[in-house]
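Worksheet: the structure to be examined is printed underneath.
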């Protein structure tokens, strides 16, 4: 068992041209199944070493930055598993969605050309459509694989520069996905997305450089050992916090996210909500709490309140959205708020809850974005007011979406409850220990935010799936197996974790206990 | 203390106890599979599993009678040492029997009631899920696991209240077009489902907070562990957190049991199929709150032994119960929809139970109030399930939920008529022959004898409520069965519809319960003594709560002889007169029809105003909507428009516009005209030269 993590990280990158070529030569099916198979393989080999505890690999790298390591410990493994599981299932789900998207883009283009030169036979059109789709979908899956690789690399990295590189790598495919297959002002939004996340990344980099250059090494292990000089502690901590806050779209620096979610193709939304935002959360654990424990002690209350503001604000904004994607965009912001809230709890169970929240939010939100995808595919509208009564037409989608919704609301027996109770309990525990009234109030308001979450989720479900079916939707059909299959897998997964959370808690809780004491 | 047959490991009885709650879930899981082969078979499967679960529950009865308990645990969240487990003590054993058998009968009834519904699979899935969750609440040995069941019943109620999700007009509740404070008093099933779920969730977050507070000090969620070592209570009370935690836990019960101020969801919950209403009101959901209080009451009361006074907690319970009982009874008197009248009555009766459990903690004889509350729970479960099922049958027969669309039905549907009288008498508390009488009387006695400072006002409220209860029940029966046929019924008959009894699968279940209401009522006192005996021993051995040996009431006060020996005379006279007044008024207006109630109300501005006030639910519902739905939405829209889209969006626009502007300036300099370049170049040289000269 060697090079396991190296394979898991770099195989998708190395084989991404294959996905492109397969798409070009043999069409979407080959490309989609190839990507799926590849990611499934990588997921499997990556999960195996987890059973035997912490696992790491080290490789020589440049002298300047230190060594290139890949580490799978109690903190990284839940992130790693979820990132790849989500990527794997989303790969399948992408196929029907992207075909439909690319086809409609082709038609748009053909229509605009038609206005210029009328003519052309349908024969030529259909064959050129096929070529167009094959080409584009190949490119899509190639980008998809690179993005998955970037996210995994970031959570396995053992070195600041390595982390930063992977952190940036995942942005590039996302940028192109939005620019190529997005909606409406896609170019502008792609740029906006890149701008914001890049600003975040650069602030982060400043923090990294400050740390690395002063310590003389970028390796996590070395930094931990030597400690960071007093004079740059605060600077580094602020840089890291703001950088990651932007990444997680925390309140005040969240504005890029609704724009992006409104314009990006749905599989990217799923991937980004389910996995990419979580990398920010991972960063908080690995960079702030582990490398700067002293500063974390000072920042914890601030993070707690920042999280509270984010979860409240996101929830309130989600209540009044009509565009279903924007609704989930704000919902993602709100859920990231839960995670930040938990990160600020400064107790082992609270931190465990925050990480569990990532797991649970990923599963739930990916389910819901798949539902959005299914609806966009089958119904062709994003406006909630134009939907209604779809439960009768799309029963499997409806059931899975409700399970996803329950996960987001934190209702047992879904994983959401396991995340929420540990998270909130942790917050309360610290409040009692410190005798802090502010924390106590924050805890209470945090619970109120769960009611807001419940309100917008249930209201959304009601308006989409229940009530009167509009006449123009009479002929709606259930989505294809490419959509419902992955949904059922995730729905099952969230319930299994909800009933038996030890799958993840066994890794997370001992780790967090080691991190902050009991 | 009595120890069950096995603490760890699975004996046959322990397995049975697990089976009680697992079996319904198994049914829920396999029902979708069964539906692939035959949709009709789903009902059979559900009923069979409900029966099996009920039989498993029955095996616990000897345990309860012998004051034994089964406490069986398995590992769960091992990383923090939490265990899952079942705790079948006498309280849980009795409760789980009530739940299991009542829901079994309701299941049988549902096979008839839901016949031919095309979403029958979903119906049975959630019904089974509902019962399983309730049994999980009853049998859990710790808070966290209980909370699974707790949210499970919330979820099931959401799904079942909104069962007819297509929101057809006939499935709504309320009167179309009627407005209260500018808000519609007319609700669709899906709206009501959400309302039920969110309102109970408000209670649930309070409960979570209470649970966490206790966990933070005790390090355990287990009910037994909390009794064994009470250091947590001492630590909490020294920080003044114990009573808040207890009251927060009670908040969960307020939500689930639809007590004031979270009572409003219960009325809209009537949009569900009637069998669901019966289940919610008789066996599951609202009873969960009462059960929680019954679970916690002794735990907190027992703390008196280590010098911690929990009176405030019990006062809150008693007052919440009393206020709810009164509040909802007033509204029950005026509503025209039969299911809603029953719903109001449920909330009100649950209020009685809370009152009894609260008063129990305020009195010397804890067990009296405790028994009274639980006895009322049992008798209410029987007659209310029966009444609901009968009402569902009426809905089938007449095709309308309004009592004004019924009338004069007694000759056509004799069985339903008789059973509804029997169960209705139970609700009214008809003297000596119904369970309702004895249990209500026990509550009166418990309040009266508690000797608490609040006993008198609470007693007065309870008494007035009893009068109103009798009145609205009489009114309901009168409006449905007496007087002339309504226009609606006459039209139906004109169209050739023959009004006839519902199918046997429907009337047999409510028949059984109606007969039981009277049957157990006749031996009510004996029955009550038996429960009293079980609880006396249970409380003494498990919690160390000693009570004076004796009957329900203290013997010293007993002046009555014969079969009434041991009954408190004041309570007896009060409940007799309450029944007489309520029934008399009801008889005058609705059975004898000596006076027209509509004319009576309109004759006098005072009565008219009160009637309107009650009909508009004291304006509480409308105020809740204004405060927690309408206003927040306005607020959110405002924030979205003026903050999110202006201030926050500015973060995007500022760099974007600055850069675009900068680019434009740069662009403007690239004129491509050689002269302008030369001019600028020259100017530049000039400046440099000037600078050098200076």
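Taking only C-alpha pairs under 8 Å that are 6+ residues apart, what is the relative contact order of chain A in percent?
Once normalised by length, the contact order is 15 percent.
When the Cα centres of region A:386-402 and region A:482-518 are compared, how far apart do they sit, in Å?
That distance is 26 Å.
Sorted by packing (mean other beta-carbon atoms within 10 Å per residue), highest first, where do B:578-585, A:338-345, B:306-313 land? All intermediate terms of the calculation are to be shown ahead of the outcome.
On the way: B:578-585: 19.5, A:338-345: 30.6, B:306-313: 15.2.
Highest-to-lowest ranking by the protection proxy: A:338-345, B:578-585, B:306-313.
Would you please calculate the Kirkwood hydrodynamic radius of region B:461-556 over all C-alpha pairs and express it in Å, rounded to one decimal? Walk me through the numbers on the way to the answer.
Working: mean 1/r = 0.0542 Å⁻¹.
Result for region B:461-556, one decimal place: 18.4 Å.
Just tell me how shielded A:458-468 is by partners: mean number of partner chain Cβ atoms within 10 Å of each residue's Cβ, no decimals.
Mean partner-chain Cβ count within 10 Å for A:458-468: 5.
Give me the one-decimal nm value for the distance between modelled label points at residue B:693 and residue B:595, 7 Å along each residue's Cα-to-Cβ direction.
Once both label points are built, they end up 11.3 nm from each other.
In whole angstrom, how far apart do the alpha carbon centroids of region B:252-320 and region B:388-412 sit?
31 Å
Percent of Cα-Cα pairs more than 20 Å apart in region B:58-188, please.
So the portion of pairs separated by more than 20 Å is 60 percent.
If a paramagnetic tag sat 7 Å from the Cα of residue B:505 along the Cα-Cβ line, which residues of region B:113-134 would have the backbone N under 12 Å from that point?
B:113-117
When N is the residue count of region A:379-518, what does its C-alpha Rg come to as a fraction of 2.2 N^0.38 Å? Provide the component values of the computation, followed by the final result.
Details: Rg = 19.2 Å, N = 140, 2.2 N^0.38 = 14.4 Å.
That works out to 1.34 for region A:379-518.
In whole angstrom, how far apart do the alpha carbon centroids of region A:403-424 and region B:478-493 sit?
So the separation of the two Cα centres works out to 50 Å.
Wrap a convex hull around the Cα atoms of chain A, take a quarter of its surface area, and give that in square nanometres.
23.7 nm²
On a 0 to 90° scale, report how tilted helix B:504-522 is relative to the longest principal axis of chain B, with both axes built from alpha carbons and the result rounded to the nearest 10.
For helix B:504-522, the angle is close to 60 degrees.
In degrees between 0 and 90, to the nearest 10, how far off the longest principal axis of chain A does helix A:437-465 point, with axes built from Cα atoms?
Taking Cα atoms only, the helix is inclined about 10 degrees.
Please compute the Kirkwood hydrodynamic radius over region B:391-538, one decimal place, Å, based on all pairs of different Cα atoms. Intermediate results must be reported in sequence, preceding the final value.
Numbers: mean 1/r = 0.0578 Å⁻¹.
Result for region B:391-538 stands at 17.3 Å.
Evaluate E = 1/(1 + (r/R0)^6) for residue B:667 and residue A:104, where r is the Cβ-Cβ distance and R0 equals 35 Å; express this FRET efficiency to the nearest 0.05. Intermediate results must be reported in sequence, preceding the final value.
On the way: r = 35 Å, r/R0 = 1.01.
Computed FRET efficiency for residue B:667 and residue A:104: 0.50.
Applying a 10 Å radius around every beta-carbon, put A:223-234, A:492-503, B:270-281 in order of their mean neighbour count, most first.
Put in order of decreasing packing, that is B:270-281, A:492-503, A:223-234.
Give the relative contact order (percent, whole number) for chain B; include only Cα pairs under 8 Å separated by 6+ residues.
Answer for chain B is 12 percent.
Please compute, for peptide A:241-254, the average count of beta-carbon atoms on other protein chains lying within 10 Å of each residue's beta-carbon. List each step's numbers first, then the result.
Details: counts 0, 0, 0, 0, 0, 0, 0, 0, 0, 0, 1, 3, 2, 3.
Shielding by partners across A:241-254 averages 1.
Quick check on region A:305-456: what does the Kirkwood estimate of hydrodynamic radius come out to from the alpha carbon pairs, in Å?
Answer for region A:305-456: a Kirkwood hydrodynamic radius of 15.6 Å.
Give the share of C-alpha pairs in each 10 angstrom bin for region B:116-273, from 0 to the last occupied bin, in whole percents, shortest bins first.
So the P(r) values, bin by bin, are 11, 32, 28, 17, 9, 2, 0.
Under a crude label model (7 Å from the Cα following the beta-carbon direction), how far is residue A:234 from residue A:33 in nanometres?
Simple spin-label model gives 6.1 nm for this pair.
Taking the Cα of residue A:489, stepping 7 Å toward and past its beta carbon, and measuring to each backbone N in region A:35-55: which are under 17 Å?
Backbone N within reach: A:35-48.
Looking only at other chains, what is the average number of their beta-carbon atoms within 10 angstrom of each beta-carbon in B:634-641?
4
Can you give the alpha-carbon Rg of region B:330-463 over 2.2 N^0.38 Å, where N counts its residues?
Scaled against compact globular proteins, the figure is 1.17.
Measure nothing but the geometry: give the 0 to 90° angle between the long axis through the Cα atoms of A:481-499 and the longest principal axis through the Cα atoms of chain A, rounded to 10°.
In chain A, helix A:481-499 runs at an angle near 30 degrees to the longest axis.
Above 59 Å lies some portion of the pair distances; for the protein assembly as shown, what is it as a whole percent of all C-alpha pairs?
In whole percent, the long-distance tail amounts to 20.
Given 37 °C and 0.692 mPa s, compute D for chain B with the Stokes-Einstein relation, Rh being the Kirkwood radius over Cα pairs; round to the nearest whole µm²/s.
Numbers: Rh = 27.1 Å.
Taking Rh from Cα pairs, D becomes 121 µm²/s.
Given a Förster distance of 22 angstrom, what is the FRET efficiency for residue B:312 paired with residue B:225, based on the Cβ-Cβ distance and rounded to 0.05?
My answer for the efficiency is 0.35.
Where a number appears in this text, it was derived from the coordinates with a stated rule and is not lab data. Since the model is a prediction, treat every value here as computed from it, not as a measurement. In this analysis, Cβ positions are derived from the backbone assuming ideal geometry, glycine residues included, and neighbour counts consider all displayed protein chains.
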